[in-house]
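Undergrad: One structure follows; several queries about it will come next.
The values are calculated or read from the model by the stated rules, or taken from the named source; none is laboratory data. This is a predicted model, so every value here is computed, not measured. FYI the Cβ positions are ideal-geometry reconstructions off the backbone, even for glycines, and counts take in every protein chain you see.
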Amino acid sequence: MRALRHGLAVVEMAVTQMPGRPLSVMTLKGSLEDDLHKYMVVSFPESTIVLEIKQDKVQQVTNAGFYTNESTLHTNLLSGDVFIQVTPKSLIQIKGEGEKRKRNQWESDQGKIVMACSNERQVAIYIEGGLTGNKQGGQLVYFELDELTGLLAV
């Protein structure tokens, strides 16, 4: 007789108190070359918390370059180790660390961003209502990473 167990065994690594119920939790590598994820991005209705994963510790990071005063809909690591953060208002591109960090921001003036997806070179966002403000339709905006500048272009 064989016993079948569903799921994986869970090993609790760390416990961190949260300021409320998160909308989503996303993980990111620090570099595309990394085997393990380095950051946990926890999105709340009005804010975002970035946690750094270090072996057996998880601690909040305040200088990761992410906007923390808005909810995060999507985040990813693009080619060239460029982070993106999509909020209901904008797409933020974060490159570099510390004092060398640079941010580029594209703001939606067409409406609220409600969805986003990406791979290592492309980002697509969906704007509710789009140009007309009509709740029935919307607008899809596509960005691609420019090889020369390392920036996203519409």
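Undergrad: Mind telling me which of the residues Ser71, Ser118, Ser90, Ser108 ends up being hydroxyl-bearing (Ser, Thr, Tyr) and under 20 Å from Gly30 (Cβ atoms)?
TA: Of the residues listed, the single one that is hydroxyl-bearing (Ser, Thr, Tyr) and under 20 Å from Gly30 (Cβ atoms) is Ser118.
Undergrad: While we're here: Just to check your reading of the model, which residue among Phe83, Phe66 is crowded, with 21+ Cβ neighbours inside 10 Å, within 13 Å of Gly30 (Cβ to Cβ) and of a type outside the set (Val, Ile, Thr)?
TA: Of Phe83, Phe66, the one residue that is crowded, with 21+ Cβ neighbours inside 10 Å, within 13 Å of Gly30 (Cβ to Cβ) and of a type outside the set (Val, Ile, Thr) is Phe83.
Undergrad: Within the set of pairs 6 or more residues apart or between chains, which connect a residue that is without any contact (Cβ under 8 Å) to a residue 40 or more places away in the chain and closer than 18 Å to Asn63 by Cα inside segment 91-115 to a residue that is among the charged types (D, E, K, R) and in a loop (DSSP other than H, G, I, E, B) with Cβ atoms less than 8 Å apart?
TA: The qualifying pairs are Ile94/Arg101.
Undergrad: Another one. Look through Val114, Val154 and report the one residue that is farther than 20 Å from Leu23 by Cβ and among the β-branched types (Val, Ile, Thr).
TA: Unique residue meeting the criteria: Val154.
Undergrad: Next up: Please enumerate the residues belonging to segment 51-69 that are in a strand (DSSP E or B), in contact with a Ser or Thr (Cβ under 7 Å, 6 or more places away or on another chain) and within 20 Å of Val86 (Cα to Cα).
TA: Once the filter is applied, which keeps residues that are in a strand (DSSP E or B), in contact with a Ser or Thr (Cβ under 7 Å, 6 or more places away or on another chain) and within 20 Å of Val86 (Cα to Cα), segment 51-69 yields only Leu51.
Undergrad: Output the residue which, of all residues in segment 109-119 that are touching a Gly at 6+ places or on another chain (Cβ under 9 Å) and of a type outside the set (A, V, I, L, M, F, W, C), is modelled with the lowest pLDDT.
TA: Gln110
Undergrad: Okay, next question. Give just the number: which of (1) within 22 Å of Met115 (Cα to Cα); (2) within 13 Å of the chain's Cα centre (by Cα) does Leu51 not satisfy?
TA: Against the list (1) within 22 Å of Met115 (Cα to Cα); (2) within 13 Å of the chain's Cα centre (by Cα), Leu51 comes up short only on (1).
Undergrad: Turning to a different aspect of this structure: Looking at segment 77-116, which of its residues are among the small types (Gly, Ala, Ser) and touching a helix residue (DSSP H, G or I) at 6+ places or on another chain (Cβ under 8 Å)?
TA: Selection gives Gly111 alone.
Undergrad: Turning to a different aspect of this structure: For residues that are under 18 Å from Lys100 (Cβ atoms) and touching a Gly at 6+ places or on another chain (Cβ under 6 Å), tally how many sit in segment 39-83.
TA: Number satisfying all stated conditions: 1.
Undergrad: Is it the case, given these coordinates, that Asp56 is touching a residue at least 24 places away in the same chain (Cβ under 8 Å) and either basic (Lys, Arg) or surrounded by fewer than 16 Cβ atoms within 10 Å (Cβ to Cβ) (or both)?
TA: Spelling it out, Asp56 is indeed touching a residue at least 24 places away in the same chain (Cβ under 8 Å) and either basic (Lys, Arg) or surrounded by fewer than 16 Cβ atoms within 10 Å (Cβ to Cβ) (or both).
Undergrad: Quickly run through segment 27-48 and pick out the residues that are part of a strand (DSSP E or B) and closer than 13 Å to Val61 by Cβ.
TA: Residues satisfying the conditions are Leu28, Lys38, Tyr39, Met40, Val41, Val42, Thr48.
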